[in-house]
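Have a look at the structure below, then the notes.
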Amino acid sequence: MTGEQDTGVHGPRWRALLEARWQARLRELTELSLAYHVAIAAAPAEPEAQALLRRAVTARRQLADVEEALSRLAAGEFGRCEQCGGQIPDGLLATAPELRYCARCDGEPAWIRPLAGRTAR
Ligand SMILES: [Zn+2]
């Protein structure tokens with residue numbers, strides 16, 4: 001039950017950081033989407049339009065990652081690895097607050113995660 005205490009102390013700081021990133025991602029996504037629509041209207045077959053679409057899809061996923069991190073913060077689970085439950089170091093969160101896994105779990109192939117969550121190591 002220390003999670004609530006942890007986010008209580010650091011909550012405002014992480015919230016401000018996440019909100020700033022959310023706004024940056026949203027702006028990026030809006031710009032990419034607008035650029036994509038301009039490009040696709042001008043020349044649908046251009047590789048440039050497809051590249052913009054891929055970047056927009058990535059930006060959308062990153063925006064969703066930040067939103068999930070904000071939900072974890074609200075739930076008092078921010079900064080905890082979703083797989084092993086370990087604390088993700090503040091230094092890592094400071095550069096990437098949307099991280100869902102600690103460095104150890106993040107190093108494993110994604111397909112292993114759902115299974116590994118059931119086995120204690
Ligand atoms: Zn972990």
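The values are calculated or read from the model by the stated rules, or taken from the named source; none is laboratory data. Remember, it's a predicted structure, so these values are computed and weren't measured experimentally. Cβ: placed from backbone, ideal geometry, glycine included. Neighbour counts: every protein chain shown. Please note that ligands, DNA and RNA were not included when accessible areas were found on the heavy atoms of the full protein model with its side chains. Shrake-Rupley method; radii C 1.70, N 1.55, O 1.52, S 1.80 Å.
In this rough spin-label picture, where each label sits 7 Å from Cα along the Cβ direction, the Gln23-Glu48 distance is 3.1 nm.
Per-residue 3J(HN,Hα) values for region 23-30, derived from phi via the Karplus relation 6.51 cos²θ - 1.76 cosθ + 1.60 with θ = phi - 60°, read 5, 5, 5, 5, 5, 4, 4, 4 Hz in sequence order (x marks Gly and Pro). Between Ala16 and Ile40, the FRET efficiency from the beta-carbon distance, with R0 = 22 Å, is close to 0.05. Proximity of backbone amide H atoms, modeled 1.01 Å from N, is registered between Gly86 and Cys81 at under 5 Å, excluding neighbours fewer than 5 places apart on the same chain. Within the assembled protein chains, the solvent-accessible surface assigned to Arg27 is about 140 Å², based on a 1.4 Å probe. Whole-Hz Karplus values for region 69-74 come out as 5, 5, 5, 5, 4, 5 Hz, taken residue by residue from phi with 6.51 cos²θ - 1.76 cosθ + 1.60 and θ = phi - 60°; glycine and proline positions read x.
Taking label points 7 Å from Cα along the Cα-to-Cβ direction, Ser33 and Arg104 give a separation of 4.0 nm. Our coupling estimate for region 82-95, obtained by passing each phi through the Karplus curve with A = 6.51, B = -1.76, C = 1.60 and θ = phi - 60°, is 6, 8, 9, x, x, 7, 7, x, 4, x, 6, 5, 5, 8 Hz, Gly and Pro reported as x.
Over the C-alpha trace of region 3-116, radius of gyration and Dmax come out as 17.2, 54 angstrom. By a 1.4 Å probe calculation restricted to protein chains, Val38 has an accessible surface near 100 Å², given to the nearest 10.
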